[in-house]
Structures are given as structure tokens and as C-alpha cells.
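Written below as C-alpha cells is the structure these notes are about.
The values are calculated or read from the model by the stated rules, or taken from the named source; none is laboratory data. The structure displayed is predicted, hence computed values, not measured ones. Cβ placement follows ideal geometry from the backbone for every residue including glycine, while neighbour counts extend to all protein chains displayed.
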Amino acid sequence: MSDIVLASNNAGKLAEFSALLSALEMNVIPQGQLGIPEAEEPHPTFVENALAKARHASRLSGLPALADDSGICVDALGGAPGVYSARFAQMAGGEKSDTANNRHLLQQLTAHADRRAHYYCVLVYLRHADDPQPLIAEGFWHGEVTDAPRGAGGFGYDPYFLLPDLGKTAAELDKAEKNRLSHRAQAMQHLLARLRAREAHEASGAGQP
């Protein structure tokens, strides 16, 4: 079984990835266990940030790496918070916490009747830090922002992310249901399919002289 470093120190993400990555025949090591700090996320797009995090973790560990970048995008706010979801309140002078982020989001939506939003996730898998052919997969989860928090599960914006078809927030879903429906789950399914396709392609000797 080969090792892979997971480029995240976010406890909520680590819990979800531990379930989602069970299909991989790999030993997944969170970067924190290797003493690797969080990478900078200076880029304006999710995919650029995910690539930066994966290359950072792979370079410092010498291992293949998996990274994600994700966030909530609210229609009435032009897609914000987007890539700044984790530090939405901090950028407005508040603290960096889920509570502060949710409070700031609701404040920004006070004058808006349109509460449509979606979670977005992009995953990047690298075989090594300078891999010229990273595997990239994305997932979307559509819902809307509700005014009152519901549910004790999940993390981030989950207590306020309502799924109209289910009549529940993301925080009210059990772990199995969330790991079947979420943006992260969808991205992981796409990534696993691409990993298997590449493995099959390489095993067949395709492209060999």
C-alpha cells in the first residue's frame, strides 16, 4: 500500500476525507502528521489554490499529494465568499472562525431576497511535486442560505446551507448521507474515476513504443 499526503489541516475536511478516501488503496497521511504547515492561498481561483497546496505538500513530504480547495458561492453576492470562504469575516476586520463567517454572511444578505447558493470543491492529485499532468476533479452542491442555523453536524457554513429538496441543512444530514451528496463527495467520485482510468491506461501499455 502506497502513501499519499493529504494537503489539509482542517479537522472537518480530514473527517470527511477519511471516509471518502476509503476506496483508495493508499495510506493517507494528513500533512500535519508530517509537520507540514498550511500553504499560502494567494490565488483568485479554487483550482490555482488547490494546485499550490498539493505542490507544497508533495514537495515537503516527497510523497504523492491530494489537495482540495472549496467554499460557498452565493448568487446574490456575485459568487462571494468563494475562495475567501474560510476567512470571509477576517477580511472585513473580524475573527477567523465559522461563527464569525456565518454572521458576516447573514449580514451581507440582509437586503437580499435571493438566497440561492452552492458549495464548490476542486480536488488535485499529484504523483510528485512537479507532476506535469495533475488530475483535477470538481463537484457542486446546490442549495440556499437560511437565516437560522439548524443541525449539529458538519462544519463551516453547513448549519445555514439548506437543501430544499430534503428540507434539511447540510448540518442535519448524517455522515453517510453527506458523504454521498456533498460537493466534496462528487469531486472525489470524479477523481477516483480518473485515477482508475489512468491506471488502466498505464497498465495496458498504451502509448509505449
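Could you check Asp165 against (1) over 17 Å from the mean Cα position of the chain (by Cα); (2) under 24 Å from Ala67 (Cβ atoms); (3) modelled with pLDDT of 95 or more and say which number it fails?
(2)
Restricting attention to segment 128-179, and to residues there that are assigned to a strand (DSSP E or B) and of a type in the set (Phe, Trp, Tyr), which single residue is surrounded by the fewest Cβ atoms within 10 Å (Cβ to Cβ)?
Among those residues, the one meeting the criterion is Phe140.
Go through Ala117, Ala185 for me and flag whichever is in a helix (DSSP H, G or I), within 21 Å of the chain's Cα centre (by Cα) and of a type in the set (A, V, I, L, M).
Ala185 is the lone residue from the list that is in a helix (DSSP H, G or I), within 21 Å of the chain's Cα centre (by Cα) and of a type in the set (A, V, I, L, M).
Being of a type in the set (Asp, Glu) and over 26 Å from Trp141 (Cβ atoms) is the filter here; which residues of segment 24-74 pass it?
Within segment 24-74, Glu25, Glu40 qualify.
What are the pairs, 6+ residues apart or on separate chains, where a residue within segment 118-135 that is within 15 Å of Ala185 (Cα to Cα) has its Cβ under 6 Å from a residue that is assigned to a loop (DSSP other than H, G, I, E, B)?
Val124/Pro134
Is it the case that segment 66-76 has a residue that's part of a helix (DSSP H, G or I) and surrounded by fewer than 18 Cβ atoms within 10 Å (Cβ to Cβ)?
Looking for residues that are part of a helix (DSSP H, G or I) and surrounded by fewer than 18 Cβ atoms within 10 Å (Cβ to Cβ), one finds at least one in segment 66-76, hence yes.
Cβ contacts < 7 Å: first residue under 15 Å from Leu24 (Cα atoms), restricted to segment 197-208; second residue at pLDDT below 85 and assigned to a helix (DSSP H, G or I), any location; separation 6+ or different chain. Result?
Pairs that qualify, where the first residue is under 15 Å from Leu24 (Cα atoms) and the partner is at pLDDT below 85 and assigned to a helix (DSSP H, G or I): there are none.
Of all residues in segment 5-39, which are surrounded by 15 or more Cβ atoms within 10 Å (Cβ to Cβ), within 15 Å of Ala50 (Cβ to Cβ) and at pLDDT 85 or above?
Val5, Leu6, Ala7, Ser8, Gln31, Ala39
Given the structure, is Thr99 modelled with pLDDT of 95 or more, over 16 Å from the mean Cα position of the chain (by Cα), assigned to a helix (DSSP H, G or I) and loosely packed, with under 15 Cβ neighbours inside 10 Å?
It is true that Thr99 is modelled with pLDDT of 95 or more, over 16 Å from the mean Cα position of the chain (by Cα), assigned to a helix (DSSP H, G or I) and loosely packed, with under 15 Cβ neighbours inside 10 Å.
For residues that are of a type in the set (A, V, I, L, M, F, W, C) and surrounded by 11 or more Cβ atoms within 10 Å (Cβ to Cβ), scanning just segment 188-209, find the one that is nearest to the chain's Cα centre (by Cα). Outline the logic, then answer.
Applying the first criterion (of a type in the set (A, V, I, L, M, F, W, C)) to segment 188-209 yields 188, 191-193, 195, 197, 200, 203, 206.
Now drop any that are not surrounded by 11 or more Cβ atoms within 10 Å (Cβ to Cβ), which leaves 188, 191-193, 195, 197.
On the way: Met188: 10, Leu191: 13, Leu192: 15, Ala193: 18, Leu195: 18, Ala197: 22 Å.
Per the stated criteria, the residue is Met188.
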